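The values are calculated or read from the model by the stated rules, or taken from the named source; none is laboratory data. All values derive from a computational prediction rather than experimental measurement. As a convention, Cβ positions derive from the backbone with ideal geometry for all residues, glycine included, and neighbour counts pool all protein chains shown.
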Amino acid sequence: MSKLFAAALMIVLVLGGAGSAENLEADVVIVGGGGAGLVAAIEAAVHGANVILIEKLSFLGGETLISGGGLQAAGSSVQEAKGIEDSADALYKYWMEKGLYRINADKASLIANESAAHIEWLQEQGVEMTPETLSPGSWSPAEPQRFHRAVGGGAGLIQPLIKSAESLGVQFYTDTEGTELIMENGRVVGVKTEGSVSEVRANAVIITTGGFGANKDLLAQYAPDYVDVVGVTTPGNMGGGLLMAEAVGAKISGLHGAIGWFSTPVGLSPTIYVNMQGERFMDETIFYALKAEALIQQGGMAYDVFDQTFVDGLAENTQNNISGAVDDGRIIQADSLTALAEALGVPADALTATVDTFNKSAEAGKDLAYHRNPASLRTVAAGPFYAMPVYLSHLGSIGGVVTNLEAQVINDKDQVIPGLYAAGSVTGGFLGDVYPGSGTAIAQLVVMGRIAGANAADE
Ligand SMILES: Cc1cc2nc3c(=O)[nH]c(=O)nc-3n(C[C@H](O)[C@H](O)[C@H](O)COP(=O)(O)OP(=O)(O)OC[C@H]3O[C@@H](n4cnc5c(N)ncnc54)[C@H](O)[C@@H]3O)c2cc1C
């Protein structure tokens, strides 16, 4: 490239950047366009505010878009229609007990009390919730059916929220990243940005940037068990909001780890998990966040061992997925357990003994080792045998900035930071050490997102 051409290109780039950047003003600016951001935007607009929402990626929805789209709620009309008896009392106790009382009790109470009303609110926004998509809590099938899944999952939740926000006049700026909060006289008055806009000034800022599940450095600092695993999240979730809020003195809490998850090459109901010693170590059917805890104890992986009889009973497309995974080495297949053990590098005598004991449990209908539900037991007897890796994973981080019940961000002296609100997975302190159940994160973001939107609009 000639020097002249390079200089001309530089001028075009500089002018292009300067020309495209704008300074904007609004009543409320929302940083992060996932579930919490959209909910807050709708509520702020309903309360009469002029709302700008900035999103660093080129699309809205965040991790909420790829989620199951379900939330826990108790006493809803959807439950009533199915004859399910449930109450805010029961949901509150559930969260407190699963969180070992190491969670914010006032927030748990607020979210439990408000949960049913928020199902109605989501329905008013066009989110479809039906009795057919209700399912029990995560720890036991005996729990009340209170996981309310939007028809269409995460997209079924996000798409109507985008439409609702648009119809209320919320202005969206995608490809626009919030980089720094603007403080004047001890008050947050806007956010500096990168992208098509250079800053947005507002009476109030709501941070809804989600967690930090895509940021290896923050995972190393706050959730070291999950650094070397492949997490399921969206690339925008780099903890930007957490860092911005921290820089203006926000208190941080609840950084215990991540929403534990596990991943496998093919989705199957588990047969028998063995560790690298060829030994079983858990009830393989437990709630996924607990399974993740057990996998951490085994160095982050195990093998699900099953036999040909199990494969023969699967749907044809699942069988095809298994043979594809065998062909490309993601699942190991061998004619005997001894050969399988050799291929995995685990002691053959240990694996054979483990399978033998498990088969006796399955035949007796009683798992003496780990008390697994007898109905889920099946023998591993007819070769060829298979070993499918089960890897530790996560569905986003846990913990972040502290907010009060009005969704205002709190500083280290437990004072409100004027003009600053937050909601969703950027906040911390509601969840305990272990994720308490599917639907908890979205229950939190809907209730606290609405409160943040309403209060920010009232500023
Ligand atoms: C596969 C999967 C399934 C799940 N299923 C469920 C479920 O069924 N129920 C449940 O309760 N939970 C579920 N979860 C967890 C739940 O989805 C998340 O905790 C929740 O959606 C987070 O919502 P949020 O609005 O706080 O963040 P997000 O929805 O992630 O939105 C944050 C947005 O902010 C943007 N952003 C980040 N930084 C900036 C910045 N500096 N400037 C501008 N924008 C920024 C991001 O790009 C993103 O779009 C699931 C998670 C996964 C991964």
> Given the conditions (1) surrounded by fewer than 23 Cβ atoms within 10 Å (Cβ to Cβ); (2) in a helix (DSSP H, G or I); (3) under 24 Å from the mean Cα position of the chain (by Cα), which single one is not true for THR357?
Replying inline: (3)
> So how many residues does region 141-161 have that are touching a residue at least 60 places away in the same chain (Cβ under 8 Å), out of contact with any Gly (no Cβ under 6 Å at 6 or more places or on another chain) and surrounded by fewer than 23 Cβ atoms within 10 Å (Cβ to Cβ)?
Replying inline: 4
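Residues checked against (1) under 24 Å from GLY61 (Cβ atoms); (2) of a type in the set (Ser, Thr, Tyr):
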| site | (1), (2) |
| --- | --- |
| LYS216 | yes, no |
| VAL227 | no, no |
| THR233 | yes, yes |
| MET238 | yes, no |
| GLY241 | yes, no |
| ALA245 | yes, no |
| GLY260 | yes, no |
| VAL266 | no, no |
| GLN277 | no, no |
> Just one of the numbered conditions (1) at positive phi; (2) in the same structural domain as ALA245 (by TED's automatic domain parsing); (3) in contact with a strand residue (DSSP E or B) (Cβ under 9 Å, 6 or more places away or on another chain); (4) not basic (Lys, Arg) is not true of GLU128; which one?
Replying inline: (1)
> Which of the residues that make up region 168-211 are near the ligand (Cβ under 9 Å from one of its atoms) and surrounded by 24 or more Cβ atoms within 10 Å (Cβ to Cβ)?
Replying inline: THR176, GLY178, VAL191, THR193, ILE207, THR208, THR209, GLY210, GLY211
> Hey, any hits in region 252-264 for a residue that's outside any strand (DSSP E or B) and away from the ligand (no atom under 16 Å from the Cβ)?
Replying inline: no
>> For the structure I just gave you, tell me whether ALA387 is surrounded by 24 or more Cβ atoms within 10 Å (Cβ to Cβ), under 30 Å from the mean Cα position of the chain (by Cα) and aliphatic (A, V, I, L, M).
In response: no
> Is there a residue in region 313-325 that is part of a loop (DSSP other than H, G, I, E, B) and acidic (Asp, Glu)?
Replying inline: no
>> Every residue in region 28-43 that is touching a strand residue (DSSP E or B) at 6+ places or on another chain (Cβ under 6 Å), within 19 Å of ASN237 (Cβ to Cβ) and of a type in the set (Val, Ile, Thr), please.
In response: ILE30, VAL31
> Within region 404-423, which residues are assigned to a strand (DSSP E or B) and out of contact with any helix residue (DSSP H, G or I) (no Cβ under 9 Å at 6 or more places or on another chain)?
Replying inline: ILE410, ASN411, VAL416, PRO418
> In region 113-150, what residues are hydroxyl-bearing (Ser, Thr, Tyr) and under 24 Å from ALA45 (Cα atoms)?
Replying inline: SER115
> If you go through region 416-459, how many residues are among the hydroxyl-bearing types (Ser, Thr, Tyr) and more than 10 Å from the ligand (Cβ to nearest atom)?
Replying inline: 1
